[in-house]
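The structure appears right after this line, and notes come after that.
The values are calculated or read from the model by the stated rules, or taken from the named source; none is laboratory data. Note that this is a predicted model, so its numbers are computed, not measured. These area figures cover heavy atoms from the full protein model, side chains too; ligands, DNA and RNA do not enter into them. Shrake-Rupley method; radii C 1.70, N 1.55, O 1.52, S 1.80 Å.
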Amino acid sequence: MALLDQIHSKRNQSCYLTLSGDIRNLGLEVGIGSSVEQETALALFHERGLLIHLTSTAILKDIVVIKPQWLVDALGKVICDGNLHIDKDQFKHVGLEEDLKATFEKGLASRDFLEYVWKGECELEQVDFFLDLMERTMLLSRWNFSENELYLIPSLLTDHSFVEKENFKGPRCVIDFSNSFLPNGVFQRLLCLCVAHSIRVKANDDDAPNELVMEPSLHKRCATIEFEPGCITHLLEDEYAQSITISVENDEFAGKCIRVVQAMLRKVNHDVMGSGLHWDIYLENGVTKELMW
């Protein structure tokens, strides 16, 4: 408790403390010199909601958040309604007009844009902390389809283009949430994981030594993503039916791809939704085209 008191005493001075510096010194002051004991204490404080300490990456682990509102304010500067909360003239003045447009139309934010919007919330070196945090919580995915350093933020996609299920090529799998509900943000987090999985690979064909998967086509409620060369997958969220439909154009990849997407959905459920999602799975009969449980 002495360590917690020392940590909370710093709230008027900072929004966060560093594990490698601040926490180590505070631990020594109260007689907890072991790094293992300090980290065990932080895990307990985190579990009780007294502070926030994530440990999945080295960058996240070194930051102990003692003012959660700091995170809310920082993320709210990115995940917001651009028409209401963004001063477009300000971004035009600093030469980030195109970056702003790409962020709120295509959901693709540049490093320069993120550093600018977060400049009042953190030091430059803490930008990587926020990027890791958003990636860990599946609010962001690194975009490997450009020479520039870009990040996909699916919740900012504004294109409402819609693809009818009947236009999907290949067998369909419907993940049905109608017996419970499909919360907002689940589909967008699924897109983050799908894009992260869609990586650049070398073709086995010597005639095409550096073949790349195609750039994903992303919209607010639907997407086309090539998971690997030849494995083109369509995803569609139906808010009215409370379902997500998956369709794979190449039958050869269908079983594997559908299993991968289901595994991603289980990860979203476990890591973000507290295992509160429940669903039924229906597969399309290749002959009758009917969905079977």
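Listed values, structure above:
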| read-out | value |
| --- | --- |
| Mean ellipticity per residue at 222 nm, deg cm²/dmol - from DSSP H runs of n ≥ 4 across the chain, formula -39500 (n - 2.57) | -10500 deg cm²/dmol |
| Pairs of Cα atoms farther than 18 Å apart, the range 78-156, % | 37 |
| Sulfur and carbon atoms: percent of accessible area, the range 1-146 [1.4 Å] | 49 |
| Scattering curve values for the chain, log₁₀ I(q)/I(0), Debye with Cα scatterers, q = 0.07, 0.13 Å⁻¹ | -0.34, -1.00 |
| For the range 67-110: accessible area per residue (Å², 1.4 Å) | 61 |
| Rg ratio (alpha-carbon, reference 2.2 N^0.38 Å) - the range 1-154 | 1.19 |
| Rotationally averaged projected area of the range 1-66 (alpha carbon convex hull; nm²) | 3.9 |
